[in-house]
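Scroll down for the structure; my scribbles are underneath it.
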Amino acid sequence: MVGRHDSPIDSVPVILRDAIAGAGANSFATTIVHPADVVKTRIQLLQAPGAYGGLRPPSGMVDVALGIWRSDGLWGLWAPGLRATVAREVAYNSIRAGCYPAVREVLSGGGDKDDVTLLQKIASAMITGSIGATLSNPTDVVKIKLMADKDAFGGSILQAYREIFKSEGP
């Protein structure tokens, strides 16, 4: 083909390209919406009985977000659990997006992509999504604990894994 040049990316296996694209896109998106997740997690924790020491807890997202802003600044809305959130997205979405085409191909018998049935697509999504969710679940636990308390585990994901494993088991 005239004008076509082979790109270095062409030498990367498709499954790896899909995994990187899925992990990268979702990591970027979750970084943007992370402050809302931090606020939501704090609201959920404030609704626990006795969580606010008998005082009236903040009444909504804006109150909680402003409280975080006042005490920790703008970074306080992003910092808690952000690394764990991105790690979770990488684990989940690299598997989900990277393995989906391969699983779909296996379930469809290796036929043409256009001949894959809706049921085969659904099954492929369920399989890859389930594997990704199962493998990323421990990171979800770490993410929520770090969002709840920005100083927990010294902010370290690895320290959080160690301490949670030691206190709660596998």
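The values are calculated or read from the model by the stated rules, or taken from the named source; none is laboratory data. As the structure is a computational prediction, the values presented were derived from the model and not from experiment. In this analysis, Cβ positions are derived from the backbone assuming ideal geometry, glycine residues included, and neighbour counts consider all displayed protein chains. All accessible areas refer to the heavy atoms of the entire protein, side chains included, with ligands and DNA or RNA removed. Shrake-Rupley method; radii C 1.70, N 1.55, O 1.52, S 1.80 Å.
Within the listed set Gly24, Gly129, Gly73, the Gaussian network model of the chain (springs between alpha-carbon atoms below 10 Å) gives the highest mean-square fluctuation for Gly73.
A viscosity of 1.306 mPa s and a temperature of 10 °C, combined with the Kirkwood radius over Cα pairs in Stokes-Einstein, give a translational diffusion coefficient for the stretch 62-139 of 107 µm²/s.
Could you report the chain's accessible area per residue, 1.4 Å probe, as an integer in Å²? Walk me through the numbers on the way to the answer.
On the way: 10720 Å² over 170 residues.
Value returned for the chain: 63 Å² of accessible area per residue.
Solvent-accessible area of the stretch 19-170 (1.4 angstrom probe, protein heavy atoms only): carbon and sulfur portion equals 64 percent. Between Lys166 and Ala36, the C-beta separation translates, for a Förster distance of 30 Å, into a calculated FRET efficiency of about 0.45. Under 14 Å of direct C-alpha separation, and excluding same-chain neighbours fewer than eight residues apart, Lys143 reaches these aspartates and glutamates: Asp37, Glu89, Asp151, Glu163. Net charge of the neighbourhood of Ala79, taken over other residues with C-beta under 11 Å away and scored Lys/Arg +1, Asp/Glu -1, is 0. Ordering Ala133, Ser94, Gly155 by the projection of their Cα atoms onto the charge dipole of the stretch 85-170, which places +1 on the Cβ of Lys and Arg and -1 on the Cβ of Asp and Glu, puts Gly155 at the extreme positive end. Size check on the chain: the Cα extents along the three principal axes, sorted descending, read 68, 39, 31 Å.
What you get for the stretch 19-127, charging only the Cβ of Lys and Arg (+1) and of Asp and Glu (-1), is a dipole of about 380 debye around the Cα centre.
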